[in-house]
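The values are calculated or read from the model by the stated rules, or taken from the named source; none is laboratory data. What you are looking at is a predicted structure, and each value in this text was computed from that prediction instead of being measured. Positions of Cβ are backbone-derived with ideal geometry, glycine not excepted, and every protein chain shown enters the neighbour counts.
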Amino acid sequence: MPPLRNAAPSQSRRLLAASLLLLAGSSVSSAQEKTAAFGVRAIGAAGVHAGRAMIERNAKAYEIGGRMDIGHFRTDRIRVVADISFLRTLTYEEFVPSEDTTYRDVFYDLSGHVTVQWFLRNPSHRVAPYASAGVGVHALTSSFSSIVLDQRYNSNRFGLRAAAGMRVRLGSDRRRALFVEYAGTLVREVSRGSVHLGIEALFGDLAR
């Protein structure tokens, strides 16, 4: 059982380290340089996603959310993405020795992240792999009626997020795309590994 519980946090740490290394080296080369742009006029994509997560202590969950590309640095390949997600676990069971009781219930996580997304090739290609890393805030909620569990799953915490994925453009105009990614999230007590599948509309420089 311990190896199962530690699998998601361990994978998340490795993914975060790899993504940070990729992002650190991304400024060395770029196909096209231009002025950085951020904000409403620089929005490049907006989409929704759904996925499955494995949280530490072998808790399983489903997740839905949305994300928006809010601009780019001096190259189209390095972009900034904001996302918001809602996670709900399946029924989670844990024995609390200090209370000599086994509790069963669900807990929730409403989170938001800002990440830097680096494309390994120009995102105008039909298939474009990417890596990303960033920070976020998590609002956890639970009602186990256990002091131990509700202290753990009722709090606001900061987290780190890293992901590796791929965007595939659809249709002749290529203004819509599918994306799939594996994301690792490091948050105290609820670190996890997640698989996301989503669809997004492309705007501005990404639509061209």
> How many residues are under 19 Å from residue 38 (Cα atoms) and assigned to a loop (DSSP other than H, G, I, E, B) when one looks only at the stretch 100-150?
Replying inline: 3
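Does residue 195 satisfy the criteria of being surrounded by fewer than 20 Cβ atoms within 10 Å (Cβ to Cβ), more than 21 Å from residue 91 (Cα to Cα) and either modelled with pLDDT of 95 or more or under 12 Å from the mean Cα position of the chain (by Cα) (or both)? Working first, answer last.
Numbers: surrounded by fewer than 20 Cβ atoms within 10 Å (Cβ to Cβ): yes; more than 21 Å from residue 91 (Cα to Cα): no; either modelled with pLDDT of 95 or more or under 12 Å from the mean Cα position of the chain (by Cα) (or both): yes.
Spelling it out, it is not the case that residue 195 is surrounded by fewer than 20 Cβ atoms within 10 Å (Cβ to Cβ), more than 21 Å from residue 91 (Cα to Cα) and either modelled with pLDDT of 95 or more or under 12 Å from the mean Cα position of the chain (by Cα) (or both).
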>> Quick check on residue 127: is it surrounded by fewer than 20 Cβ atoms within 10 Å (Cβ to Cβ) and touching a residue at least 60 places away in the same chain (Cβ under 8 Å)?
In response: no
> Here are some conditions: (1) in contact with a Ser or Thr (Cβ under 6 Å, 6 or more places away or on another chain); (2) modelled with pLDDT under 95; (3) closer than 15 Å to residue 201 by Cα. Residue 44 meets all but one. Which one does it not meet?
Replying inline: (1)
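In the stretch 84-97, which residues are in a strand (DSSP E or B) and either surrounded by 21 or more Cβ atoms within 10 Å (Cβ to Cβ) or without any contact (Cβ under 8 Å) to a residue 12 or more places away in the chain (or both)?
Passing the criteria: 85, 87, 93, 95.
Per-residue answers, yes or no, for (1) within 16 Å of residue 113 (Cβ to Cβ); (2) under 22 Å from the mean Cα position of the chain (by Cα); (3) modelled with pLDDT under 95:
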site: 5; (1), (2), (3): no, yes, yes
site: 12; (1), (2), (3): yes, yes, yes
site: 21; (1), (2), (3): no, yes, yes
site: 27; (1), (2), (3): no, no, yes
site: 39; (1), (2), (3): no, yes, yes
site: 48; (1), (2), (3): yes, yes, no
site: 63; (1), (2), (3): yes, yes, no
site: 66; (1), (2), (3): yes, yes, no
site: 84; (1), (2), (3): yes, yes, no
